[in-house]
Protein chains: 2
Amino acid sequence: MKVFTQYSTEFKLKLKDLSKNEQNIAFVPTMGFLHDGHISLIKKARQENDVVIVSIFINKKQFNNKSDYNNYPVNIAQDLQKLKEQQVDIIYLPEDKLFYQEPIYTNININYLTDKLCGKTRPGHFSGVALVLIKLFNQLKPNSAYFGQKDFQQLMVIKQLVKDLDFPILIKEGEIIRENTGLAMSSRNSRLTELERAIIAPKLYDNLVEMAKNIRTNPIEVVKIIKNTKENLIKSGFSKIDYLEIYDDNLNNCDNYLNGRIFAAVFLGKVRLIDNIKI
Amino acid sequence: MKVFTQYSTEFKLKLKDLSKNEQNIAFVPTMGFLHDGHISLIKKARQENDVVIVSIFINKKQFNNKSDYNNYPVNIAQDLQKLKEQQVDIIYLPEDKLFYQEPIYTNININYLTDKLCGKTRPGHFSGVALVLIKLFNQLKPNSAYFGQKDFQQLMVIKQLVKDLDFPILIKEGEIIRENTGLAMSSRNSRLTELERAIIAPKLYDNLVEMAKNIRTNPIEVVKIIKNTKENLIKSGFSKIDYLEIYDDNLNNCDNYLNGRIFAAVFLGKVRLIDNIKI
């Protein structure tokens with residue numbers, strides 16, 4: 001396992017060598033503090049490719065909220081241990097100042113897909129995601145890149161970006177991995193208290209499951225069901241609903257709610273949690 | 001000389017083969033109706049590389065004016081003849097519908113550098129340039145790409161884009177090539193009448209040369225000199241001044257006009273002409 005902290009000549013030569021030998025390169029971008037959601041993507045990447053590159057980079061450009069950025073959890077030593085266990089070939093840990101050589105004037109927007117959900121409530125977030133990924137794609141030139149379905153809108157945005165800009169990269173996706181309680185795995189879960197994580201946070205998923213069941217039974221009552229679910233979430237102990245909406249898997253409005261997907265973002269204290277499930 | 005009209009499997013295999021053999025690939029993007037400005041870039045590309053790819057594609061996304069797009073001159077047969085003479089290896093003539101698979105939601109802005117000159121008077125123009133180039137860069141994966149200094153702002157925008165997004169492509173530039181009269185070569189010159197092209201259009205360059213001389217002599221009178229030059233251009237027969245401004249070579253405001261560059265865009269009838277010269 002080789003660790004690079006910058007896009008050095010040595011790193012470029014290594015990548016060139018891999019490409020010359022026609023090695024199939026998989027890339028799993030992360031912001032570190034790895035959990036089993038990341039690991040499941042890495043396992044998949046490991047199975048399907050010759051070479052696996054994992055990046056760990058807390059991308060400040062995708063944070064619209066400074067305190068969220070400052071409080072993002074970090075544990076590089078633990079991450080490296082996990083990546084070694086998964087036999088990852090290359091770890092890329094870029095330094096902020098070298099990675100973003102200011103001034104950066106290029107701004108990427110993915111219209112339509114980002115005018116709702118996290119795109120709406122986290123202005124600039126997906127521009128930051130697009131910027132970091134285009135840079136990483138251009139540096140690493142992977143054949144495929146792996147993303148989890150927890151960030152479902154992100155996955156759609158990335159697929160569109162890669163299609164629109166003709167990046168020669170296959171986008172692969174992994175299902176949401178959940179804790180035993182049903183809570184979707186997320187690095188941000190570590191910022192919850194033990195009690196919040198065990199008792200309140202899992203109720204997000206419980207409520208979504210219940211909401212999906214109610215819609216399947218009674219699709220014409222969807223407005224009322226959304227309203228009730230929001231009330232139940234607040235009663236469960238969440239401090240704020242960021243959004244609770246239904247779209248189809250292309251993020252269009254649903255013709256038929258039975259084919260829809262529920263998207264939720266809620267705050268528990270200062271921690272923002274997201275989840276989504278198919279109806 | 002091989003001509004591809006789409007990004008076919010055959011084309012991809014050809015490109016892969018070149019890259020496997022470590023051929024140095026130069027790319028000269030054009031909108032066709034080739035003149036000696038293009039040819040000088042192609043000659044340079046030919047000298048400096050193993051393989052030269054020229055694209056001919058009238059990129060509708062960079063036209064903010066529909067009639068300018070509809071009247072853009074075309075002569076593919078003549079272009080192919082010229083490219084053959086220059087021993088170009090690959091011509092890429094993409095078809096609009098296959099190249100732009102709608103819907104395209106990705107929009108690229110290069111801030112600051114585009115808030116002036118053509119970026120200001122042709123809204124959306126540089127977003128269209130950025131989109132087509134990123135797509136072409138991703139498809140063709142050249143080692144270098146060649147652009148002329150006539151579109152000086154475009155050159156700056158492209159350099160910034162490639163830097164910001166880490167495209168592994170060297171941007172090379174060619175000097176402005178002029179007709180005997182001094183008129184900067186441009187495909188759009190063909191839309192002028194014989195008289196306009198011979199008598200009026202060259203006065204743009206004459207006026208810029210005179211203006212530069214006056215500023216060198218009398219830099220504190222720059223505001224007055226710009227005003228006079230605008231009046232002289234209108235007297236010379238130009239129908240409208242789109243802009244006449246001075247910036248340094250990084251498109252910043254000039255600390256010292258003696259290090260500046262004059263940028264001009266004028267209309268002659270319905271044809272828009274641009275030029276720039278170092279003071």
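Side notes on the structure shown:
- Criterion: in a loop (DSSP other than H, G, I, E, B) and hydrophobic (A, V, I, L, M, F, W, C) - qualifying residue of A:176, A:215: A:176
- Residue selected from the range B:203-243 under the condition crowded, with 20+ Cβ neighbours inside 10 Å and touching a Ser or Thr at 6+ places or on another chain (Cβ under 7 Å), by the criterion farthest from residue B:110 (Cα to Cα): B:203
- Test: residue in the range B:184-204 that is more than 19 Å from residue B:234 (Cα to Cα) and outside any helix (DSSP H, G or I): yes
- Contacts under 8 angstrom Cβ, first residue in the range A:38-50 being under 10 Å from residue A:174 (Cβ atoms) and outside the structural domain of residue A:87 (by TED's automatic domain parsing), partner among the β-branched types (Val, Ile, Thr) and modelled with pLDDT of 95 or more, 6 or more apart: none
- Flag: residue A:163 does not match the condition of being touching a residue at least 12 places away in the same chain (Cβ under 8 Å), in a helix (DSSP H, G or I), out of contact with any strand residue (DSSP E or B) (no Cβ under 7 Å at 6 or more places or on another chain) and over 26 Å from residue A:266 (Cα atoms).
- Looking across A:100, A:105, one residue alone is touching a Phe, Trp or Tyr at 6+ places or on another chain (Cβ under 6 Å) and modelled with pLDDT of 95 or more. It is A:105.
- Residue ID - farthest from residue A:16 (Cα to Cα), chosen from residues in the range A:106-160 that are part of a strand (DSSP E or B) and more than 8 Å from chain B (Cβ to nearest Cβ): A:148
- Verdict on residue A:32 being more than 14 Å from chain B (Cβ to nearest Cβ), at positive phi and of a type outside the set (Lys, Arg): yes
- Test: residue B:251 is among the hydrophobic types (A, V, I, L, M, F, W, C), closer than 14 Å to residue B:276 by Cα and without any contact (Cβ under 8 Å) to a residue 60 or more places away in the chain: no
- Residues (closer than 17 Å to residue A:225 by Cβ and part of a strand (DSSP E or B)) located in the range A:259-279: A:261, A:262, A:263, A:264, A:266, A:275, A:276, A:277, A:278
- Any hit, the range A:126-144, residues being in the same structural domain as residue A:14 (by TED's automatic domain parsing), among the aliphatic types (A, V, I, L, M) and under 21 Å from residue A:241 (Cβ atoms): no
- Among the candidates B:59, B:64, the residue that is touching a residue at least 24 places away in the same chain (Cβ under 8 Å), in contact with a helix residue (DSSP H, G or I) (Cβ under 8 Å, 6 or more places away or on another chain), more than 24 Å from residue B:36 (Cα to Cα) and more than 11 Å from chain A (Cβ to nearest Cβ) is uniquely B:64.
- Residue B:75 being among the polar types (S, T, N, Q), surrounded by 13 or more Cβ atoms within 10 Å (Cβ to Cβ) and either within 14 Å of chain A (Cβ to nearest Cβ) or without any contact (Cβ under 8 Å) to a residue 24 or more places away in the chain (or both): no
- Qualifying residue in the range B:159-172 (condition: crowded, with 21+ Cβ neighbours inside 10 Å, modelled with pLDDT of 95 or more and over 30 Å from residue A:133 (Cα atoms)): no
- Residue count for the range B:225-258, restricted to those that are in contact with a helix residue (DSSP H, G or I) (Cβ under 8 Å, 6 or more places away or on another chain), under 18 Å from residue B:202 (Cβ atoms) and of a type in the set (A, V, I, L, M): 3
- Top-ranked residue in the range A:110-125 [being buried (at least 19 other Cβ atoms within 10 Å of the Cβ) and free of Cβ contacts under 8 Å to residues at least 60 places away in the same chain; ranked as farthest from residue A:45 (Cα to Cα)]: A:122
The values are calculated or read from the model by the stated rules, or taken from the named source; none is laboratory data. Please read all numbers here as calculations on a predicted model, not as lab measurements. Glycine also receives a Cβ, built like all others from the backbone with ideal geometry; neighbour counts cover every protein chain displayed.
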